[in-house]
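Read-outs: derived from the displayed coordinates by stated rules, not from any lab. Being a predicted model, the structure only gives us computed values, none of them experimental. Positions of Cβ are backbone-derived with ideal geometry, glycine not excepted, and every protein chain shown enters the neighbour counts.
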Ligand code: R5P
């Protein structure tokens, strides 16, 4: 049975369109004091259950823990947890002494009431090792590259920094496009130059791809640099569109278009990850 997490209703519908799996809705409410309530609206006793629930923003993380508990308490025979966007993935190590490793803390908690875990474009591959249950990281990058080809007609795919170069390379290779990444070079104490490592973008149409857009700072700066280097068109795409604060306005001022997947459902979700997840509920 597919348990339709309240954070991912449209994605769950898309997944069920392609399968004949039974579904269970989840009722949620918020008590006057702010505490939350979760109830499965269907009988899952003895059933193999897959819950699809993104964990952003925070209330959806809490809901996931409660849904998992409802599945355990009401007798599901197995629990597969699918988290399209796994929040807190960027805190995957101690950067400064005294910090929590949040990505590990939540992985441990999820593993207490689950048999398997799946996610899409985890911030780092090592997060799968934080789980005490089998865990797998799927990638939406090929789908983003295909969408770019169909809708934006780019000459090149670009990673906004070295950290994203491997995922962008994979995406570009899958559609047969050229790729590059933006390299930061320190010229002197006060000057940093950011430009494509090896390709001249002058007069070209470029799609920048990353795993996450949060404040939009990374993408906006990358797009600005590419336009300054003479790029004709710059489109920004990512798997997880958090778009915190005024990110959309900042991006809109410099990018020709901005798009993301439906791991976090919103108006810019032009690409669905449903085809990646359909097999998980069969
Ligand atoms: C960083 O490691 C990530 O891959 C993204 O580049 C980053 O999270 C984007 O954040 P922001 O939109 O706030 O610059």
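In a Debye calculation with equal point scatterers on the alpha-carbon sites of the range 136-219 and no solvent, what is log10 I(q)/I(0) at q = 0.12, 0.14, 0.18, 0.22 Å⁻¹? Each listed q corresponds, in turn, to -0.36, -0.49, -0.77, -1.07.
Using 0.36 nm per residue and subtracting the Cα-Cα separation, the extra length available between residue 266 and residue 246 on full extension is 5.7 nm. Put a dot 7 Å past the Cα of residue 155, heading toward its Cβ, do the same for residue 30, and the two dots end up 4.9 nm apart. Ranked by how many other Cβ atoms sit within 10 Å of their own Cβ, fewest first, the residues 232, 99 fall in the order 99, 232. Each peptide in 14-23, 77-86 was scored by the mean count of other Cβ atoms within 10 Å over its residues; highest first, the order is 77-86, 14-23.
Multiplying the residue separation of residue 129 and residue 94 by 0.36 nm and subtracting their alpha-carbon distance yields 11.0 nm. Between residue 37 and residue 232, the simple spin-label model (points 7 angstrom out along Cα→Cβ) gives 5.9 nm. As a proxy for reagent exposure, ranking 180, 279, 115 by other Cβ atoms within 10 Å from fewest up yields 279, 115, 180. Among 133, 94, 127, the order by Cβ neighbours within 10 angstrom, fewest to most, reads 94, 133, 127. In this entry, the chain is assigned a mean projected area of 16.8 nm², taken as a quarter of its C-alpha convex hull surface. Summarised as an ellipsoid, the range 63-177 has semi-axes of 32, 19, 10 Å, derived from the eigenvalues of the Cα gyration tensor scaled by 5 and square-rooted, with the largest first. Secondary structure note: in the chain, about 25% of the DSSP beta bridges are antiparallel.
Distance between the pseudo-spin-label points of residue 198 and residue 101 (7 Å out from Cα toward the beta carbon): 3.5 nm.
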